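To start, the structure itself, in structure tokens.
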Amino acid sequence: MNRFMSAVLIGIVLCASENDRSFAAGNGDANANVASTATPEEAAIQAAAYKARLAARAAADEGYFLGRRGDFPAARKKFSQAIELDPKFSPAYRLRADACLKMSDWAGAIADFNTLIRLDPNYAEIFNERGFARRQLGDLQGAREDFDHCIALGADLLLAYGNRAEVELMLGDNSAAAADVAQAQSLAGTMPDSPPGRSTPSTREHQTHHKTPRTGTSNNAKGTTR
């Protein structure tokens, strides 16, 4: 049960998407066009939103460094502050979910994963992460559905097969588990000999996991494969 464990906050990624990058850094031409067509009221709203995003990023930065020091409760507070400042800043939800996982707050992590899935229903790795948390709470069927969804999205995450195999064994579906183990072994055989940095949290005990854009994190939680 513990061989698929871990997810470590490893890198603050302050741009979870191209939208985040363009919003924060700004695009000169685009901003000029907006400025030339926006009413004073619209310009004021845009300026306020821009300031909120910058403040949210600053709070997420602080939380990241607190997490690096192992102070996950304080880190989670900073990520919550970032979300209050800018509820659309998705990297803060991901970082807070990782902090929750480190604290074994499975329900808290699931709540943030739910938000991330609403924001991006095609983010395969998030389904794998949520499945991990659901398994920790004993929701084996829900966990299996999440791993199914992750795999159906075509991400070929080796650890998703390993996680699903564990759940299938717990559910008594030995033949399905054997098939998933075989698939995981097949995928492992095609991977280069570089460090397995893309596994999901549960499968590796000390491997960094998924990439999150510049405000991202690699996950490290207790439990099996995330």
Subset of the range 118-151, residues over 23 Å from S90 (Cα atoms) and aliphatic (A, V, I, L, M), comes to L137, L140
From the list N19, N31, which residue is part of a helix (DSSP H, G or I), open to solvent by 30 Å² or more (accessible area, probe 1.4 Å), at pLDDT below 50 and within 25 Å of L116 (Cβ to Cβ)? N19
Within the range 39-63, tally of residues that are touching a residue at least 60 places away in the same chain (Cβ under 8 Å) and either in contact with a Lys or Arg (Cβ under 8 Å, 6 or more places away or on another chain) or not in a helix (DSSP H, G or I) (or both): 1
Listed by first then second residue, the pairs whose first member lies in the range 65-94 and is farther than 15 Å from D105 by Cβ, whose partner is of a type in the set (G, A, S) and surrounded by fewer than 17 Cβ atoms within 10 Å (Cβ to Cβ), with beta carbons under 6 Å and at least 6 positions apart or on separate chains, are L66/A74; L85/A55
Name the pairs whose Cβ atoms lie under 8 Å apart, with the first residue in the range 110-124 and on the phi < 0 side of the Ramachandran plot, the second among the aromatic types (F, W, Y) and at pLDDT below 95, and 6 or more positions between them or separate chains? L116/Y123; I117/Y123
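The values are calculated or read from the model by the stated rules, or taken from the named source; none is laboratory data. In this text the structure is predicted, and so the values were computed from the model without any measurement. We place every Cβ from the backbone using ideal geometry, glycine too, and count neighbours over all the protein chains shown. SASA here: full protein model, heavy atoms, side chains in, ligands and nucleic acids out. Shrake-Rupley method; radii C 1.70, N 1.55, O 1.52, S 1.80 Å.
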